[in-house]
Structures are given as C-alpha cells and as structure tokens.
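I have placed the structure first, in the form of structure tokens, so that the comments after it can refer back to it.
The values are calculated or read from the model by the stated rules, or taken from the named source; none is laboratory data. Source: prediction; values computed, not measured. Cβ atoms come from the backbone with ideal geometry, glycine included; neighbour counts cover every protein chain shown. Note: accessible area is taken over every heavy atom of the protein model, side chains too, but ligands, DNA and RNA are not part of it. Shrake-Rupley method; radii C 1.70, N 1.55, O 1.52, S 1.80 Å.
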Amino acid sequence: MKSQWECFLQNLGVWEGSFSNFSPEGTLLNDTPSHLSLEGLNNNQTVLLTLSRSGGDDVIREYSSVGGGLLFFENGSFSEGLIQLGPFSEFGAELAFVHGNRRLRLVQLFDKTGNLSRLVLIREHLARTPATERPPLQINDLLGQWQGEAVTIYRDLRSPDIYSTTLKIQLDDTGRLIQTTSFGDVSRQASLSLRTITSTATIKGSIVLFDQNPQKQVQVLLLPDGASATSPLKVQLRQPLFLEAGWLIQPNLRQRMIRSYDEKGEWASLTLVTEEKV
C-alpha cells in the first residue's frame, strides 16, 4: 500500500482547465479558466499549490502532510470535505478523479438550511498535453449492465475493503429509470453478504430524480465531459447520506466516487468504483 502522501504525489504537475459553476438544476452560471500548479519541493517532502483563475485572487498553499477531511486512492484520485454535518452550517465536499493526463473534480455545496445550493465542475489536463473531453453525459450512455470493483478506504487508514459491484440501469415502458445495484465478494476482509438495492427515478432533461421517498429525494445531474453529480436535494441531521460523482472516461469505462456519512453526520468512508459495461 502506498502512503497517503505518495498517493497525493500522483497529482504533481501543472493542470490547465476551468471552473464551471452550475445551479442545482444544472444551469451553467459561469465558466472561469484556471491554471493550477502542484510542485514538489525538498525532494517531494513539501508540495506547493498555486491556483490562478481569471479575474480572481491566486490561492497559494503549502502541504507537508495530508489528513483531516482529505483521503487519497492509490491512483491519486481523492476527496476533500467537511468531516461533520452540523446544524445551521454550510456543508459540502469535493470528489476528484485522476486518469492519465486528465483530472475531473466536482464540488457539491449545501446552504445553512441543508439545501443543495451550487455545483462546481473542474475539468483539467496536464499542461502541454491534449485537452480531450468527453461529450456531455446522456442517459443512453448509462443504460445497460456495468460490472466493476469497489475500493473503500477509511479515515483511520485501516485496511481497505475491496469487493465486486454490479450496476444495471434500464428504462421501463413508461420511461422511468430503474437502477439495480449489487455488492459482494469482499477480499482481504471477512466475507460480505451480497446486497442488492433497487430504486426508480423520473427523468427530466439532464436531471434524474430518485423521488420514491419525498423526504429523501436524491438527484443525479448529467454534466459536461461525461460527468454526473449525485446529491441529496436536502441534507438532514441524524440521517445517513452520501455524495457521489461519476465520470464516463470511455464509452464502456466509468468511475464513481462515493463519500459516505453515518447517522451522526460524521464522515465514515470513501469508495471508488471502477466499472465496465458488459
């Protein structure tokens, strides 16, 4: 296993791209070009982050360790966010994928009343490499059966859980989306019994709304560059919740990242699913 610091170093380089702000309904509010440098200093004992955005002040940070609300996977993908959902306070997290010369990052933000307020999609490529993007995600891109492997990591850095996943997405005769998710076959850990969850959703343009429970509605927003954002419309105290981002890297290859919080509102785990259409 790589250390968290070694995983962080997978992100070194100069990343060029943009920050795109979206409303909760998926309306593009603005798009700002960006230039982000992650430079290793002192034989990579320190990392200097410099972020420049058009019309904004530069952000400069120096890292000599990582932790808190930040966790990395071995390929450099990561998530950073609040470790506790609290009353009358803003809430949010970033979920970030690294693949080849590309990074795709998604920030989901909730206001002090718990309502989804804004999404930021950050698309980046390494400087002096092609800025190849995927088309905006469509429902048809997701239909079918996906098989993959999930890796779940924990804040206390115990051994990760690794298990198989199956995701089946189809439309019924009325055009309603039916999603069936199965998990199983944990390695390195005690066996995990197979769990299957089936849910249904209404499709309206680029919004897929899982509305079976009016008190716990979850929205999937289809975004540019093959991205998707899965968010509760409202985060609630004393209720478990998760934030998810997806990235269709190739027509038959997708990654999803899930940041899970328990019923106490505490950040519990981070999961990266890599799945292929079969």
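Side notes on the structure shown:
- Subset of segment 58-83 (residues that are outside any loop (DSSP other than H, G, I, E, B) and closer than 25 Å to V273 by Cβ): L70, L71, F72, F78, S79, E80, G81
- The set of residues from segment 158-172 being of a type in the set (S, T, Y) and in a loop (DSSP other than H, G, I, E, B) comprises just one member, S159.
- Residue check for V220: among the β-branched types (V, I, T) and closer than 27 Å to F19 by Cβ: yes
- Flag: G68 does not match the condition of being within 20 Å of the chain's Cα centre (by Cα) and either crowded, with 17+ Cβ neighbours inside 10 Å or on the phi < 0 side of the Ramachandran plot (or both).
- Filter result for the condition that a residue is part of a strand (DSSP E or B) and out of contact with any strand residue (DSSP E or B) (no Cβ under 6 Å at 6 or more places or on another chain), over V98, V107: V98
- Evaluating P87 against the criteria (1) in a loop (DSSP other than H, G, I, E, B); (2) closer than 30 Å to L233 by Cβ; (3) in contact with a helix residue (DSSP H, G or I) (Cβ under 8 Å, 6 or more places away or on another chain) leaves one unmet condition, (3).
- Among the residues of segment 190-207, none qualifies, meaning not one is within 25 Å of G69 (Cα to Cα), open to solvent by less than 60 Å² (accessible area, probe 1.4 Å) and either within 20 Å of the chain's Cα centre (by Cα) or not polar (S, T, N, Q) (or both).
- Search result, residues across segment 148-160 that are crowded, with 19+ Cβ neighbours inside 10 Å and within 17 Å of S79 (Cα to Cα): A150, T152, I153, P160
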